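S.K.: Take this structure, written in C-alpha cells, and hold onto it; I'll ask about it next.
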Amino acid sequence: MAAEARTPRQRHGSMTLEDLLRREASAERADAAGGARPLLAAGQAGRARKGEDYAMLKQGLERHPGASFSAFAMFDGHNGSAAAVYAKENLLRNVLGCVPADLTRDDWLAALPRALVAGFVKTDKDFQTRAHSSGTTVTLVIIDGSVVTAASVGDSRCVLEAEGSIYYLSADHRFDACGEEVGRVTECGGEVGRLNVIGGAEIGPLRCWPGGLCLSRSIGDQDVGEFIIAVPFVKQIKLSSAGGRLVISSDGVWDALTAEMAFSCARGLSPEAAAEQIVKEAVESKGLRDDTTCIVIDMMPPEKPKSSIHSRKKARNGFSLIKNIFFKKRTSDSLSQADTEQTSEPDLVEEVFEDGCPSLLRWLDSDYPVRNMFKLFVCAICQVELESGQGISIHEGLSKPGKASPWDGPFLCQSCQEKKEAMEGKRPSRDSSSRNSGSSE
C-alpha cells in the first residue's frame, strides 16, 4: 500500500471526528462503569537472524491522571541495531512532547497525527547527531479507547481485522511499491535504480544510491542522504463496538505471508499464541532469512467473549458496505442533516484521518487541525525554547506564501530549519560513503 501526497482527510463517511468522539462519549456515559472502552490483550513473538528487530508493548500509559492510552511499536533495524534501539527508547517520549499536556481528549486525538510527524522527525534528527549509519523502519500504534492511530516509515506493516474484513493501517515505503517516492527522491538529488552486475544486467529491488537502501523513508540512514525522510504515513480509525485484532510485524513476516494468511493461521488463539503461530508460519514458508517479529493486539468489547473477535463472520450487508464506508472518498466536505442521520446508525470501522504527504510544511501549517498546538516561542519539531526573534517561520522563503506571512508561525529552530531544507533537497546532504551493496533493507 503506497503512501500518497494528498490532501489530509478527517472523515469517516460523512461524520467529523468531533461527531465520532461525541457519540463515543455518550456511550461511555451510558455505561456507569465506563465499560465502553475496549479491553486490550497483547502478545509478541520473534525469531532472530541478525538481532535487529525490536518490539515495544506499553499498556495503561497516562497523558495526565485519568487519561489513559496504550502504545505498541515495531522497529526493524538495518546496517546495525543502533537506530532501532534509539527509536525504541526515545520516539514515544518525543511524540508526547509535541502535544500540549492540557488538551482535551478530542483535541489530543486530533493533534496526534501532527505530533507523530514532529516526533518521528525529531527522533531522526537527534539520532543522526550521533553519527551512526544504521537505520530502522518504525510502525507506532497508539490506542485510546476505540480510536487507533498508526504512523509508519519503512515496510513494517500494521494490519487490522475487524467485522470480517482486513484494513491496512500502514504504508510500504519500498521504492518498488511507490513511484511517487522514486520521483521525490530523484528530484531531491538521489539516484534510484537496481543493482548492476557484470554484463549490465539489473537485479533485485529498486534501491537508493549511494548505500543501496530499498526504502524511501526510515529513521537514521544518514549515510544514504537526507532525502530518505522520517515523515510517516499516518492513519487514524475508530473501531466498531465489535472490536478487532491488530497484527504489527516486521517484513520477515510480510515477505512470507499475506495479511489473510496471517490472520487465518492464528484465528481463535490468544494474542501471544497467535504471534507465535504467525512467526512459525512465516519461517516455515520462507525459512529464517531475516529477523521475523510479530505483535498481536486484541481489542475486545467487555460484554463479548474473546472468541467473537477471532471468529470468521460476514459483515452486515456484506464486505462492500464496510469497504465503501472505510475507503470511499467524500465528494463534498459539506454535511447535510440527512447525511448525518444516515451515517450515525451503522456501527462499522470508520476512517477518521489519513495522510502520507512527505512535506513538513504541509504537516506544520497552522491551518492544520488543532491550530493552538504550537507555542509561539517553541520549535515545532524539537520543542526547544526560542528567544524572541530567533525562530524561523515555516513560511519563510516561500515564493507564493498565500495567506501566511514570513512572520507567521509555527517556527523552527536553526537546526530543524536546516533539517527541513535538506529533506526537501534545498541543502546538500551530509557527506556519505557507500554502504555494502548487499544491504537487504
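S.K.: So the check is Cβ under 9 Å with 6+ separation or different chains; which pairs have a first residue in region 262-284 that's among the aromatic types (Phe, Trp, Tyr) and a second one that's open to solvent by less than 40 Å² (accessible area, probe 1.4 Å)?
M.R.: From region 262-284, the pairs are Phe263/Val159; Phe263/Glu161; Phe263/Ile166; Phe263/Arg245; Phe263/Val247; Phe263/Ala274; Phe263/Ile278; Phe263/His310.
S.K.: With respect to Ala230, determine if the residue is surrounded by fewer than 20 Cβ atoms within 10 Å (Cβ to Cβ), farther than 17 Å from Gly43 by Cβ, of a type in the set (A, V, I, L, M) and under 18 Å from the mean Cα position of the chain (by Cα).
M.R.: Criteria not met by Ala230.
S.K.: Let me ask you something else. Out of region 186-206, which residues are open to solvent by less than 40 Å² (accessible area, probe 1.4 Å) and touching a residue at least 40 places away in the same chain (Cβ under 8 Å)?
M.R.: Cys188
S.K.: Is there a residue being under 20 Å from Gln383 (Cβ atoms), under 20 Å from the mean Cα position of the chain (by Cα), surrounded by fewer than 19 Cβ atoms within 10 Å (Cβ to Cβ) and basic (Lys, Arg) anywhere in region 91-103?
M.R.: Among the residues of region 91-103, at least one is under 20 Å from Gln383 (Cβ atoms), under 20 Å from the mean Cα position of the chain (by Cα), surrounded by fewer than 19 Cβ atoms within 10 Å (Cβ to Cβ) and basic (Lys, Arg), which makes the answer yes.
S.K.: Ok, one more. Going residue by residue through region 119-129, is there one that turns out to be part of a helix (DSSP H, G or I) and free of Cβ contacts under 8 Å to residues at least 40 places away in the same chain?
M.R.: For region 119-129, residues part of a helix (DSSP H, G or I) and free of Cβ contacts under 8 Å to residues at least 40 places away in the same chain: present.
S.K.: Right, here's the next one. Could you pull out every one of the strands (runs of 3 or more DSSP E) wholly within region 156-216 that has 2 or more residues that are closer than 26 Å to Ser240 by Cα?
M.R.: 157-162, 165-168
S.K.: Between Asp176, Asp106, Asp155, which is open to solvent by 30 Å² or more (accessible area, probe 1.4 Å), in contact with a helix residue (DSSP H, G or I) (Cβ under 7 Å, 6 or more places away or on another chain) and not aromatic (Phe, Trp, Tyr)?
M.R.: Answer to the selection: Asp106.
S.K.: Hey, could you check region 366-420 for residues that are of a type in the set (D, E, K, R) and modelled with pLDDT under 65 and say which is least open to solvent (accessible area, probe 1.4 Å)?
M.R.: Asp367
The values are calculated or read from the model by the stated rules, or taken from the named source; none is laboratory data. Since we're looking at a predicted model, the values are computed, not measured. Counting neighbours? That spans all protein chains shown, and the Cβs are built from the backbone with ideal geometry, glycine included. Protein only, heavy atoms only, side chains kept; ligands, DNA and RNA dropped before computing areas. Shrake-Rupley method; radii C 1.70, N 1.55, O 1.52, S 1.80 Å.
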